[in-house]
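See below for the structure under consideration.
The values are calculated or read from the model by the stated rules, or taken from the named source; none is laboratory data. In this text, all values refer to a predicted model and were calculated from it rather than measured experimentally. Here the Cβ positions follow ideal geometry from the backbone for every residue, glycine too, while neighbour counts run over all protein chains shown. Remember, those area values only see protein heavy atoms, side chains included, never the ligands or the DNA or RNA. Shrake-Rupley method; radii C 1.70, N 1.55, O 1.52, S 1.80 Å.
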Amino acid sequence: MQFLAPMTVDEALGALSEREDGLRVLAGGTDVMIQRMTGQLPRSESLLYIGGITDLSGVHLSDGTICIGALTTHHDLRCNPVIGTDLPSFAEAAATVGGWQTQAVGTIGGNLCNASPAADLAPPLLAADATLVVSGEDGPQRIPANRFFLGRRRTALPVGQILLKIEVPVPPAATWESYLKVGRRSAMEVALVGLAARFSLAGGLVETARLAVCSVAPVPLRLAHAEAALVGSTLDQGAVAIAAQRSMEEIDPIDDQRATASYRRMLVGRLLGKAARLAREGLEIQ
Amino acid sequence: MTAVGPDTPRSDADAKVRGLANYGVDYREAGMLHARLLRSPVAAGRVTRLDVSTARSVPGVHAVVTAEQAPEHRNGLVLFDTPFFASDTVLYEGEPIAMVVADTPRQAQSAVDTIGLEIEEWEPISNVTEALAPDARLLHPDLDSYQILPGASSWPKSGNCGGVLTSDPGGVDEAFETADFIVEDTFTVPRQYQAYLEPKSATASYDGWRWTLHVSHQFPFQVRSRVAQALGVTDSRIRVVGHHMGGGFGARLDLGLEQYAAIGASLTGRTVQLVNDRTEDLISTMSRENATIKVRSGVTKEGRIVAREFECLMDGGAYAGDTVYLTSIPMFMVGSVYRVGPTRVTAKSVYTNTAPSGAFRGVSGTYICFALERHTDRLAEAIGMDRREFRLRNLFESGDSMLNGQTLEDADILREAFDRVEEVAPWSEAGKGSLKGVGLAATIWLTNPLAGSATLSIQQDGSLGVSTAATENGSGAVTMGVRQIAAAQFGLAAEQVFVTAPDTDTQGYDAGSQGSRTTHVVGMAVQAAAKQLKPRLFNIASGLLGALPDDLELSGGSVCVRDDPSRTVSLATVARTAFGLGGPLSATGAYNVPLPKWDPDSAEGLLFPVFPVPTYHVHLAEVEVDPDDGAVRVTRYVVAQEVGRMINPDGVYGQIQGGVAQGMGYALWEGLETKDGRYTRRTLESYGLPLAVDVPDVEIIILEHPCEAGPYGAKGAAEPPIVPVAAVIANAVSDATGANITSLPIDPEEVLLAIDKRREG
């Protein structure tokens, strides 16, 4: 195997284009290295370490858009003041990834491109209607978040390209968002269920509702029918009950070593109820 | 000032914190080879092809070993049911089939990967129910012909049962007839992995006659006799040297990889090292056995327990290991702590196509206590009596006897423990509020009585060396307990005492770090050695000081004349003088705990007959349950533990905090479940060990009742704090939610459903 460590995006893309047999992109390594160790990825596979490309990390706010570099670590997302103020669900999700060591090296780009059904950053991304900017054949190309995840460990990122950044519009005023995750323990957990919720109010009523979940289907997904039940409501019990019921119909959870499908189904409805409760407090809905 | 008491740091702390301590996996020798095992990928089947010819030709390979090169006879701890390598049949996933020895671990693994292995797979017998079915395939058709440990008395075994204990004193059925209510419960618990930090390893060399093994093991003398047994040679041809140990918790009491390293060394004539990777360690280690427990009790409406039946099916896995002994544990728990009337007990160690199970801190006691104390809550509920009041009404008193006929002379300590818990956490106020609850549980536990020895020698610089095969498993029993006891015997500071690593060639027997025995037993051996050594020391000092030996005493590293403290001679001078006279100033002491009386007719199959030097324990936990996900948060944890006397409070407190954390893991997150005979959780990432963020600071109440036959009054302390933890947490969760918790780890889904049911009701 070879280990390549380009210092620029162009070098990285050059390396990718030269090799037909593929090159595994390595960022923080918190997934790739484990998959190699456990034999899910061949150990003979060469690695393209992009962690040395400095201009792919960091958070920038310009023209009403928040740009998150693909190599921004979970630790930096957790601590960034722009994220903390405008996209708290991203900060909350980053704070639940593994433990402090994982957060110190793991990146948002890695979390998304690895496309685990349990990716913690995926629900906030989907709920925020974010856009993924990839290197592209002839310059950067944009992929909407809801078209990015194609299946377990499969994304719309074209072969030979890399993810550059994530763009998220600054949410409107009177918006509340959060990421709620259930694991068996308080840290070091793969989500049994993760739910990102975002509610924007207009005239005291919910104008937009965004609900996205992970660990309940082969891909992270939006709960469109549940969202629809909440639009125009005050997140009152009646509307939330309908949304919770719909949410459980929109998902396709499985039994595995971590939890049963039936528990995951229960959790989605309850997390939705919890999000509504917290949002009513946060938005001071009477 | 005595070295026994607080503020004595452990002697290995600095080296361990700085990374200077060498563990078994760190051991290296020049020219050392590395081995890897081929383990069975399936739980059960017949080996139809084993072709190692390619493996032999892989570069760097020195030897490929299969059953053909290994001794044919079976070996075992007490029942000799285990082949060296599986050959015709494989009985569990992870069972060793072959081994490759090569220049590097990678070469060895590459060669293992080339071995042609074909197995005709059988439907595994994956649980005790399948194993005990009338037409079940027998894992050991030749069970009756297997040898047992010389000196062990035989015990009942048949079919897929490696051991059966039965106790029926008569009068049980009649006693049930006097009950107003009869309550029956069934409990199930999974396996628990010891999850020590250092994976198992062994390094062996061979000089043409004798083998030397370098290990991190709780019981070097057991390694010696078990490797000898497996190889079919006499004990003295094996030397075992101990190194720092990255945790054991019972998993390093029987053989791990030592016999394989040994045969690799004798076949190649080179030093051979074998180290488990984490997944093979997890799937092949003797973890705590899974079990199914049935308890049925009769109770009167006044709140007396009048009769009991108890049945326990322990899944011993493919080979019996020490579960044959563990079937005796119910005899010390089912009719202790509370008076329960005539009691019938059955316990079986059952063979299944799973990895052999075995010793884990609080052997079998964790789940027996869980079953009994959940059942105790259910009895109180059945008659509408307060749970604490019900316990106190049936509580053991001094002079009461356990089911084995052993009398507990000091069982009144239980009442004291309940009272002391009440002082800090009043029952009437505990666990109040929505989705909050409180649980209570009590137990007794033993101090393992097996023999130990120590050799003391005064060094020429006046310090004291302690040579013992006792092992420091991380608890501090050697680096604090034994060292402090030795220092106190000679009026030295603990810093002036060093303890050597175990070496079976040069030290007396020691039965290993198990059952909280080290501080107690080896401490007594140190005292016995000191008793011999002091007169000789005073004799020499007597000449140097011109005073009678009887007028001398030890103080601050010197010998002085009692009535004239100005006349002193340093221990260094005394020791140098002794060297000049032709020998070191040294003596060896040994000790084993005198066994209390028991009734040999109390049970059939009672291989482990008594609970010597018992200690008493009451735990209380308060929990809060999350209404959205059913997760259990332990908000308060109180332990009242009787220890005899604390040699080092930091050590005792640390063991209690750690035992509670390990018990919380068992109660809430851990557990090895099998599917088709294979463990489903196979890494520490998915296993679910307790985390610092989830474990509360334990409130600790120490009860000291110095033990007359104990070093400075000390009894065993380290093992038992794990025993009642699952019981109290389960009782608290049941109190908080109404869920009748009958299995571990506590299932948040079950908890949520119970919360819903209670709301609807």
Next item on the list: Determine which member of the set A:Leu77, A:Leu61 is closer than 24 Å to A:Ala196 by Cα, away from every other protein chain (no Cβ under 14 Å) and assigned to a strand (DSSP E or B).
Entry: A:Leu61
Next item on the list: Residue by residue through segment B:150-180, note down the ones that are surrounded by 13 or more Cβ atoms within 10 Å (Cβ to Cβ) and over 21 Å from B:Met331 (Cα atoms).
Entry: B:Gly159, B:Asn160, B:Ala179, B:Asp180
Check: Which one of these is surrounded by 24 or more Cβ atoms within 10 Å (Cβ to Cβ), part of a loop (DSSP other than H, G, I, E, B) and assigned by TED's automatic domain parsing to the domain that holds A:Arg270: A:Ala212, A:Ala217, A:Ala187, A:Ala191?
Finding: A:Ala191
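To keep it simple, each residue is scored yes or no on (1) of a type in the set (D, E, K, R); (2) touching a residue at least 40 places away in the same chain (Cβ under 8 Å).
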residue: A:Asp31; (1), (2): yes, yes
residue: A:Gly39; (1), (2): no, no
residue: A:Gly58; (1), (2): no, no
residue: A:Gly64; (1), (2): no, yes
residue: A:Thr73; (1), (2): no, yes
residue: A:Glu92; (1), (2): yes, yes
residue: A:Pro117; (1), (2): no, yes
Next item on the list: Give, as residue ranges, the strands (runs of 3 or more DSSP E) completely inside segment B:429-504 that count at least 3 residues that are open to solvent by less than 10 Å² (accessible area, probe 1.4 Å) and assigned by TED's automatic domain parsing to the domain that holds B:Leu395.
Entry: B:436-445
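Here is a yes/no grid of residues against (1) of a type in the set (Lys, Arg); (2) at positive phi; (3) over 24 Å from the mean Cα position of the chain (by Cα); (4) open to solvent by less than 30 Å² (accessible area, probe 1.4 Å):
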| position | (1), (2), (3), (4) |
| --- | --- |
| B:Lys348 | yes, no, no, no |
| B:Tyr351 | no, no, no, yes |
| B:Ala355 | no, no, no, yes |
| B:Ser364 | no, yes, no, yes |
| B:Leu372 | no, no, no, yes |
| B:Leu379 | no, no, yes, yes |
| B:Phe390 | no, no, yes, yes |
Note to self: I need the helices (runs of 4 or more DSSP H) fully contained in segment B:635-741, keeping only those with at least 2 residues that are at pLDDT 95 or above.
What the structure shows: B:649-668, B:725-737
Margin query: Filter segment B:621-634 down to the residues that are part of a strand (DSSP E or B), open to solvent by 10 Å² or more (accessible area, probe 1.4 Å), within 14 Å of chain A (Cβ to nearest Cβ) and in contact with a Gly (Cβ under 9 Å, 6 or more places away or on another chain) and list them by number.
Written below: B:Glu624
Notebook entry, point to check: Can you pull out the residues in segment A:261-273 that are open to solvent by 10 Å² or more (accessible area, probe 1.4 Å) and more than 13 Å from B:Leu752 (Cβ to Cβ)?
Noted result: A:Ala261
Check: Does A:Ala239 qualify as being more than 14 Å from every other protein chain (Cβ to nearest Cβ) and open to solvent by less than 60 Å² (accessible area, probe 1.4 Å)?
Finding: yes
Next item on the list: Please work out if A:Arg222 is more than 14 Å from chain B (Cβ to nearest Cβ) and more than 14 Å from A:Val182 (Cβ to Cβ).
Entry: yes
Margin query: Quick check on my filter: what residues within segment B:162-186 are within 28 Å of the chain's Cα centre (by Cα), farther than 12 Å from B:Asp81 by Cβ and not β-branched (Val, Ile, Thr)?
Written below: B:Leu165, B:Ser167, B:Asp185
Note to self: Tell me the residue from B:Leu456, B:Leu435 that is more than 30 Å from B:Ala525 (Cα to Cα) and either of a type in the set (A, V, I, L, M) or out of contact with any Cys (no Cβ under 6 Å at 6 or more places or on another chain) (or both), please.
What the structure shows: B:Leu435
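Please specify each residue of segment B:133-156 satisfying the condition of being under 10 Å from B:Asp81 (Cβ atoms) and in a loop (DSSP other than H, G, I, E, B).
Once the filter is applied, which keeps residues that are under 10 Å from B:Asp81 (Cβ atoms) and in a loop (DSSP other than H, G, I, E, B), segment B:133-156 yields B:Leu139, B:His140, B:Asp142, B:Tyr146, B:Gln147.
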Next item on the list: Assess whether B:Leu607 counts as being surrounded by fewer than 22 Cβ atoms within 10 Å (Cβ to Cβ) and over 30 Å from A:Ser186 (Cα atoms).
Entry: yes
Margin query: Quick check on my filter: what residues within segment B:663-681 are open to solvent by 30 Å² or more (accessible area, probe 1.4 Å) and more than 9 Å from every other protein chain (Cβ to nearest Cβ)?
Written below: B:Thr674, B:Asp676, B:Arg678
Check: Just one of B:Val698, B:Val728, B:Val723 is away from chain A (no Cβ under 14 Å), out of contact with any helix residue (DSSP H, G or I) (no Cβ under 6 Å at 6 or more places or on another chain) and among the β-branched types (Val, Ile, Thr); which is it?
Finding: B:Val728
Check: Which condition does B:Ala709 not pass, out of (1) surrounded by fewer than 20 Cβ atoms within 10 Å (Cβ to Cβ); (2) away from chain A (no Cβ under 14 Å); (3) under 26 Å from B:Thr376 (Cα atoms), if it passes all the others?
Finding: (3)
Notebook entry, point to check: Can you spot a residue in segment A:199-208 that is under 30 Å from B:Ala667 (Cβ atoms) and either assigned to a strand (DSSP E or B) or at pLDDT 95 or above (or both)?
Noted result: no
Notebook entry, point to check: Looking at segment A:220-238, which of its residues are touching a Leu at 6+ places or on another chain (Cβ under 6 Å) and assigned to a strand (DSSP E or B)?
Noted result: A:Arg222
Next item on the list: Report yes if A:Ala196 is part of a strand (DSSP E or B), away from chain B (no Cβ under 14 Å) and open to solvent by less than 10 Å² (accessible area, probe 1.4 Å), otherwise no.
Entry: yes
Checklist line | Pairs with Cβ under 7 Å, 6+ apart, first in segment B:12-36 and over 14 Å from B:His244 (Cβ atoms), second open to solvent by 60 Å² or more (accessible area, probe 1.4 Å) | finding: B:Gly31/B:Arg270; B:Leu33/B:His62; B:Leu33/B:Asp103; B:Leu33/B:Arg270; B:His34/B:Pro105; B:Arg36/B:Pro105
Next item on the list: Among residues belonging to segment A:242-260 that are surrounded by 19 or more Cβ atoms within 10 Å (Cβ to Cβ) and in a loop (DSSP other than H, G, I, E, B), point out the one that is farthest from the other protein chains (Cβ to nearest Cβ).
Entry: A:Ile251
Check: Within segment B:223-257, which residues are outside any loop (DSSP other than H, G, I, E, B), touching a strand residue (DSSP E or B) at 6+ places or on another chain (Cβ under 6 Å) and either free of Cβ contacts under 8 Å to residues at least 24 places away in the same chain or open to solvent by 10 Å² or more (accessible area, probe 1.4 Å) (or both)?
Finding: B:Arg224, B:Ala228, B:Gln229, B:Arg239, B:Val241, B:His244
Next item on the list: Looking for whichever is in contact with a Phe, Trp or Tyr (Cβ under 7 Å, 6 or more places away or on another chain), more than 29 Å from B:Met331 (Cβ to Cβ) and open to solvent by 10 Å² or more (accessible area, probe 1.4 Å) here; the options are B:Leu581, B:Leu554. Which one fits?
Entry: B:Leu554
Item checked: Members of segment B:455-508 that are under 19 Å from the mean Cα position of the chain (by Cα) and of a type in the set (Gly, Ala, Ser) -> B:Ala469, B:Ala470, B:Gly474, B:Ser475, B:Gly476, B:Ala477, B:Gly481
